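Encoded as structure tokens, the structure appears first; notes follow it.
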Amino acid sequence: MLYFDPWSYGVVPLYRSQVPDTYEAFFRDAEFIKHRIKDLRKNWDEVLNQVDEWEFQFNTFLSGLQPPQYDEWVITNEREDPLVRQEPEHIEGFREVLDLMQKSLYALEIQCSFATQMKLLEETKNLPGLRDLHKHNYETSYHRTTALGCLYRILNGERHPHVFGIMIRCMIESEEHDAASEKAVMKMKQFARGTAEKWVQTVHEWLEQQISNLREAMSKTRPLVGEHLWRYAQTLKY
């Protein structure tokens, strides 16, 4: 590893055994900066936790001054809702959705495995787009897992509109992150050469499976829940 010294207009090694005494100050400064950054990160986490606590207390105080809010769906959509009656065709429909979401998550798991291995390979670790792919994999993994948790609860009799809303919203969020992942992989394809092309192609094939199974699950879910509940899910903020 080399360090460019602007004063000597040359390049010097960064291994301690090869560095003259005049560069000891550089290492001391670097060590100090590293510990300072660590302290700042710790303090920042404490500040964020304090802000979260204040926000919670403030919102709790406000909620005590307002009348209770009821879900519009509960009040206005009781007669239109086919889910409350738990008819067999709806239960079977959600089993199909569950199967598709499980297949989608499985494809994502394999895709994540390959994508993470690519971070260790010389020919792929610096590919433009790989960092973005990982970022969206984190997000879409969370949303798929949450959607599946809601589906398990629905199939066990849960009927609260929040559960349906979260499931739908997580599917929508997953689809958005999948689209961003697709863009990241296409960017990787532009720069991949040699064996790197095969790695990117493998990731792309698994990504296509996770996307197609998710989209089919969403297409089956929408008629099951109805447009009113679907629109309700789109407005959820959490």
Problem set entry | Estimated inter-spin distance, R41 and Y142, nm [label 7 Å along Cα→Cβ] | 1.8 nm
For this session: Find the centroid of the Cα atoms in segment 116-157 and in segment 195-210, then give the distance between the two in whole Å.
Result: 14 Å
For this session: Please give the FRET efficiency for E205 paired with T235, using the beta carbon to beta carbon distance and R0 = 45 Å, rounded to the nearest 0.05.
Result: 0.80
Problem set entry | Kirkwood hydrodynamic radius of segment 84-238, Cα pairs, Å | 16.2 Å
Seminar exercise, completed: Rounded to the nearest 10 Å², the accessible area of W54 using a 1.4 Å probe with every protein chain kept is 150 Å²
For this session: Compare the peptides 183-195, 100-112 by average per-residue count of other Cβ atoms within 10 angstrom and give them in order, highest first.
Result: 100-112, 183-195
Problem set entry | Residue pairs, from the table K34/K187; K38/K237; K103/K220, whose Cα atoms sit over 23 Å apart | K34/K187; K38/K237
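The values are calculated or read from the model by the stated rules, or taken from the named source; none is laboratory data. Not measured: the values here are computed from a predicted model. Note: ideal-geometry Cβ built from the backbone for every residue, glycine included; neighbour counts use all protein chains shown. Accessible surface is based on the protein model in full, side chains and every heavy atom, while ligands, DNA and RNA are left aside. Shrake-Rupley method; radii C 1.70, N 1.55, O 1.52, S 1.80 Å.
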